[in-house]
Amino acid sequence: RDLHSFPTRRSSDLPMQALTLLNDPQFVEAARVLAARLMEQQPGDLPAQIRTAFRLLTSRPPSEQESTLLRELWEAEHEHFAEHLDKAREYVTTGESAPAEGLDPADHAAMTALVQALMNYDECVTKR
């Protein structure tokens, strides 16, 4: 049988899907829990955290360009959350599971934002 003859889910640009993936507390919580796990398993090694997050969510390693873009995203988010620690603390306590202890709130929030971005990456949302 030709694998291409099976129906597949099409890419969606529906605002509701994007808003749910970005704002629903369950998705934010999933991102923050994975972010904490990455930070605890690979402390202080941002490139390794990015590679692992990407591999876990896409089942492949990131390209050099993808790694660079994700590092830039982390840096921009970190700068924002370092200036707004109250927002960082609020973000990394979203959901029902207990918040991670001992992690810098700005670091954790920036990694959560990175994981959330990856969770919204077409390769994570659409099975091909």
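The values are calculated or read from the model by the stated rules, or taken from the named source; none is laboratory data. The structure displayed is predicted, hence computed values, not measured ones. Here the Cβ positions follow ideal geometry from the backbone for every residue, glycine too, while neighbour counts run over all protein chains shown. Each accessible area value is taken on the protein alone, full model and side chains, heavy atoms only, with ligands, DNA and RNA left out. Shrake-Rupley method; radii C 1.70, N 1.55, O 1.52, S 1.80 Å.
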Do we find that residue 47 is part of a loop (DSSP other than H, G, I, E, B) and either touching a His at 6+ places or on another chain (Cβ under 8 Å) or at pLDDT 95 or above (or both) in this structure?
-> no
Just to be sure, is residue 119 within 18 Å of residue 24 (Cα to Cα), under 15 Å from the mean Cα position of the chain (by Cα) and among the aliphatic types (A, V, I, L, M)?
-> yes
Scan the stretch 41-73 for residues that are loosely packed, with under 13 Cβ neighbours inside 10 Å and closer than 20 Å to residue 88 by Cα and report the count.
-> 3
Kindly indicate whether any position in the stretch 80-94 is assigned to a helix (DSSP H, G or I), open to solvent by 50 Å² or more (accessible area, probe 1.4 Å), among the charged types (D, E, K, R) and under 26 Å from residue 122 (Cβ atoms).
-> no
Only one of 41, 17, 65 that is closer than 20 Å to residue 121 by Cα, more than 15 Å from the chain's Cα centre (by Cα) and modelled with pLDDT of 95 or more = 65
Across (1) assigned to a helix (DSSP H, G or I); (2) without any contact (Cβ under 8 Å) to a residue 24 or more places away in the chain; (3) open to solvent by 20 Å² or more (accessible area, probe 1.4 Å), residue 102 clears everything bar (1)
Mind checking whether some residue in the stretch 107-124 is assigned to a helix (DSSP H, G or I), open to solvent by 70 Å² or more (accessible area, probe 1.4 Å) and touching a Pro at 6+ places or on another chain (Cβ under 6 Å)?
-> no
Within the stretch 71-99, residues touching a residue at least 12 places away in the same chain (Cβ under 8 Å), within 20 Å of residue 58 (Cα to Cα) and among the charged types (D, E, K, R) come out as 71
